[in-house]
Every structure is written in C-alpha cells, then in structure tokens.
1. If we keep just the residues of the stretch 151-161 that are surrounded by fewer than 17 Cβ atoms within 10 Å (Cβ to Cβ) and in contact (Cβ under 8 Å) with a residue 12 or more places away in the chain, which is nearest to the chain's Cα centre (by Cα)?
2. Would you mind finding the one in Leu218, Leu164 that is out of contact with any Pro (no Cβ under 8 Å at 6 or more places or on another chain) and surrounded by fewer than 21 Cβ atoms within 10 Å (Cβ to Cβ)?
3. Say we look at the stretch 307-324 and pick out the residues that are surrounded by fewer than 22 Cβ atoms within 10 Å (Cβ to Cβ) and modelled with pLDDT of 75 or more; which of these is nearest to Ala235 (Cα to Cα)?
4. Can you pull out the residues in the stretch 347-362 that are farther than 24 Å from Asp398 by Cβ and out of contact with any helix residue (DSSP H, G or I) (no Cβ under 9 Å at 6 or more places or on another chain)?
5. Here are some residues: Asp148, Asp206. Which one is at pLDDT 95 or above and charged (D, E, K, R)?
6. Just for the stretch 119-142: of the residues that are over 18 Å from Ser105 (Cα atoms) and charged (D, E, K, R), which one is nearest to the chain's Cα centre (by Cα)?
Amino acid sequence: MIIAYTRTYSNKQQSDNQKNAIEQFAANNNMTIDKWHKDTRTTSSRHKNRLEDIIKNISMIDTSKRFIAGDTVIIFDELQEFPDIATALKSFRIDGRFDVICSGSLLGINYRKIHSNSVGYKTDYEMFSMDFEEFLWAKGYSEKHIEDILQHMQTGTPFSETELSVYKKLFLEYCVLGGMPAVVKVYIEKNLFTDTLEIQRQIQMDYEEDIRKYAEGLDQTKIVSVYRNVPVQLAKENKKFQLSKIDKKARSREYMGCITWLEDAGVISVCYCLQYPELPLKGNYDDSKFKIYYPDTGLLIASLDEEAQEDLRANKNLGVYKGALYENFVAEAFVKQGLGLYYYKKENATLEEDFFVRTKDELVPVEVKANRNRSKSLRQLISGDSYGDIHWGIKLADSNVGIEDGIYTFPYFCTFLLKRYLREK
C-alpha cells in the first residue's frame with residue numbers, strides 16, 4: 001500500500017486524486033491548503049516520536065487508506081516544502097512497522113534547514129533522470145543487450161553494421177529526448193517527438209520557478225542568468241565558462257555562490273580544470289577554471305533555437321551544436337555513474353583534453369570527438385614522458401570499436417558502461 005501526495009508528471013492521476021482529498025479535507029475544516037500544510041508540519045515537528053499522531057493526520061486526508069504493519073510504504077513527496085519531516089524518520093526507523101520513502105527536488109539546498117536530520121537512521125540516494133541503459137529498457141531491450149555491449153568493449157570486437165546502426169539511432173533519440181521520465185513516457189507511448197519539447201520546456205520553467213522560490217539570500221537574477229547561459233557557452237569553441245559573457249563587469253565573487261547553488265540544487269554539473277594531468281584527481285584542480293553542463297542533454301537541446309529544434313527532431317541533425325551536445329552527453333553519463341568531472345588545458349599551448357577518469361593506479365584521458373580529426377592531444381598525453389600516470393586513453397566518437405596505439409575507441413552510446421569497463425578491465 002502506498003500513501004503519497006505527489007505532483008510529479010508520472011503520477012499525475014494519483015496526484016489529482018490525493019490533492020482533491022486534501023482540498024476536501026481542508027474545506028470541511030475551514031482551512032486553507034497552506035494552513036493545512038503548516039499545521040501538519042508543526043504537528044510532525046512537535047511530536048516527532050509520536051507516530052500515531054502522524055498516521056492519524058495522514059488518515060484524515062483519505063479515510064480509505066489503511067496502515068498495515070509490515071505491508072505499508074509511506075511516501076512523503078515534495079520534501080523540500082517541509083524539510084523538517086526528515087526529523088521524524090528516526091522515529092519511523094525505531095518503530096519499524098512501516099517503510100518510508102521521502103522524495104523532493106533541491107534537497108541539496110533545503111536539507112541545510114533541517115534541525116535534526118535523523119543521521120544514522122536513513123539512507124540518502126541522489127536521483128537522476130534516466131540514463132541510456134534505462135532508456136534501452138524502456139524501449140524493450142534486456143540486460144542481455146547491455147552485457148553484449150559491454151563485451152564488445154572488453155574484447156575490442158567491432159559491432160556489426162546492424163548493431164551499430166540500431167544503437168546509433170537509439171542513441172540519437174535519447175540525446176534529443178534526454179532522460180526525464182515524463183518526456184520518455186510520452187515518446188514511448190506515441191513513438192513520436194510530438195509534445196516532448198513542450199514537456200521539456202515546462203521542466204525548465206519549473207527549474208527557474210524553483211530558483212525564485214528557494215534561492216534565499218542570493219541574487220536570483222544572477223542565478224537564472226548563469227543557468228540560461230550554459231547552452232550559449234557550450235556552443236563556443238572554448239567551452240570554459242566565462243562570467244564576462246554574462247556581464248562584462250561580472251566578478252567571480254559575485255557569481256560563485258550562484259554557481260554553487262545551482263550545482264547543489266542538481267540543475268547543473270561543473271567540470272573543473274586540472275592543475276596538471278596526474279593523480280590524484282581530487283584536490284588537483286583549479287576551482288576558478290571550469291565548464292558547466294546540463295545534467296540532462298535533452299533539456300540542453302530544448303533550450304536551443306527553433307530552427308535547430310526542427311532540424312534535430314525531424315532529421316536527427318545535430319548541426320553546429322554537435323560538439324557541445326556530445327560533450328554534454330558524456331558529462332551527463334559520467335555524473336550518473338558517479339564519476340567526477342575534470343578536464344585539462346595547458347596554458348599557452350594546444351594541449352587540451354575533455355575528461356579524465358581513473359583506475360586504481362592509472363589516469364585515463366577521455367576525448368570526445370565530434371569529427372574525424374586525429375586525436376593529437378590524446379596521443380601526446382599517452383606518449384609524453386611528462387605524464388607518468390597516463391599509459392592509455394579512451395576516444396568516444398561516431399565510429400565503431402577499435403584499439404590502436406593505446407587509444408581505445410568506443411561509440412558514444414557505450415559511455416554509460418565506462419565505469420563498469422574500467423572496473424573490470
């Protein structure tokens with residue numbers, strides 16, 4: 001049994017029913033919705049160890065719900081609205097009769113407001129939009145197909161023409177759609193891109209609304225400006241994020257708090273420039289030099305101009321944005337696998353590498369190629385005597401699997417398996 005009050009797209013019908021139940025309860029008791037929420041929060045906070053009070057309050061919303069010990073899951077959604085509910089999780093855990101799931105957006109920001117966060121009595125999970133593996137599942141592909149892709153990577157065996165054609169087509173669909181469940185759901189049901197752009201843009205507007213709602217003590221206009229400027233700066237040849245492109249008079253100290261807020265909120269991903277390509281990665285970067293990506297490539301595409309939208313959705317043509325989109329996809333896939341984001345650019349030189357990952361003992365440069373030019377920087381890092389931690393590299397490209405001179409080439413669609421590949425290599 002699930003007790004949930006949610007406003008997510010995937011549960012809209014359930015949301016409407018439960019919202020109506022709340023509104024009816026409030027009306028019958030001469031209360032506004034805001035007052036009901038306030039009273040519930042006050043009750044939960046004041047009586048955090050009295051679960052019967054909490055259960056009683058939930059039961060009053062919908063009397064058809066039953067709480068059965070050992071057979072009930074209670075879901076508290078939109079936790080960012082009432083973060084103090086997290087204080088009651090300790091009581092639920094000690095009591096042990098019910099499983100509890102809490103969800104919400106911007107928890108990286110609002111968790112800071114919780115007075116007691118039930119430390120040791122809960123497990124936190126950072127959720128992301130669907131990755132390419134989950135998209136393949138949604139399209140009907142099985143774990144066998146995933147293992148087969150990994151085996152091609154591990155053995156260096158090229159894909160057949162059919163395999164390559166099918167996976168590249170699926171990958172382009174995923175790039176345009178991104179992984180937001182509501183977007184993927186509509187596409188799977190209709191097998192058309194119709195209505196997907198509208199949903200993506202609504203999600204972006206919701207993000208900006210959340211910025212204005214939750215960004216306390218910061219310049220909200222600056223935060224929105226940073227968020228909107230990401231696609232513009234990724235389209236440049238030099239993808240380093242430059243505050244001067246937002247405002248010629250912009251100063252780092254005025255904007256760093258805004259960037260940190262967006263990163264904590266989970267609506268951007270920041271890739272830092274290594275001071276030198278060597279291990280360890282953490283602590284070996286310059287936090288004043290960075291690139292910014294969207295954590296969902298579909299939302300990045302949704303922010304492009306109308307002409308690009310039509311070309312992308314109708315003809316699967318990535319056009320002038322090809323490099324930015326592929327790079328953003330790789331960054332997205334890294335974050336979803338728990339890999340850090342680091343790049344390197346040597347001052348006053350042409351040596352530059354898009355990303356770095358590591359094994360236990362080695363640093364592995366990763367190059368994202370949007371064209372068929374030779375990988376000059378990648379070869380220099382592998383063969384150079386100055387880079388002792390680097391012995392081989394990875395190239396992600398619009399091509400088949402191949403191994404040559406220490407460079408392991410994989411199609412873009414293999415990126416979601418990179419962590420598993422490194423672990424089992």
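1. To start, the set of residues in the stretch 151-161 that are surrounded by fewer than 17 Cβ atoms within 10 Å (Cβ to Cβ) comprises 151, 154-158, 160-161.
Okay, now just the ones that are also in contact (Cβ under 8 Å) with a residue 12 or more places away in the chain, so 154, 156-158.
Details: Gln154: 27, Gly156: 29, Thr157: 31, Pro158: 30 Å.
Across the stretch 151-161, the extreme among qualifying residues is Gln154.
2. Details: Leu164 fails: out of contact with any Pro (no Cβ under 8 Å at 6 or more places or on another chain).
After ruling out the rest, the residue left standing is Leu218.
3. The selected residue is Tyr321.
4. Step one: filter the stretch 347-362 for residues farther than 24 Å from Asp398 by Cβ, giving 347-349, 358-362.
Correct list: Glu347, Asn348, Ala349, Lys360, Asp361, Glu362.
5. Working: Asp206 fails: at pLDDT 95 or above.
From the options Asp148, Asp206, the qualifying one is Asp148.
6. Initial filter on the stretch 119-142 (over 18 Å from Ser105 (Cα atoms)): 119-121, 131-142.
Add one more test, that the residue is charged (D, E, K, R), and what stays is 131, 133-134, 139.
Values: Asp131: 9, Glu133: 14, Glu134: 13, Lys139: 20 Å.
Only one residue fits best here, namely Asp131.
This table checks each residue for (1) polar (S, T, N, Q); (2) under 17 Å from Lys222 (Cα atoms); (3) assigned to a strand (DSSP E or B).
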position: Phe241; (1), (2), (3): no, yes, no
position: Lys248; (1), (2), (3): no, yes, no
position: Tyr272; (1), (2), (3): no, no, yes
position: Tyr276; (1), (2), (3): no, no, no
position: Phe290; (1), (2), (3): no, no, yes
position: Ala331; (1), (2), (3): no, no, no
position: Gly340; (1), (2), (3): no, no, no
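For (1) part of a loop (DSSP other than H, G, I, E, B); (2) farther than 13 Å from Val330 by Cβ; (3) modelled with pLDDT under 95, each residue gets a yes or a no:
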position	(1), (2), (3)
His391	yes, yes, no
Leu396	no, no, no
Asn400	yes, yes, no
Tyr408	no, yes, no
Thr415	no, no, no
Lys419	no, no, no
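The values are calculated or read from the model by the stated rules, or taken from the named source; none is laboratory data. Bear in mind the structure is a predicted one, so any value in this text is a computation, not a measurement. Here Cβ is always computed from backbone atoms with ideal geometry, including for glycine, and neighbour counts include all displayed protein chains.
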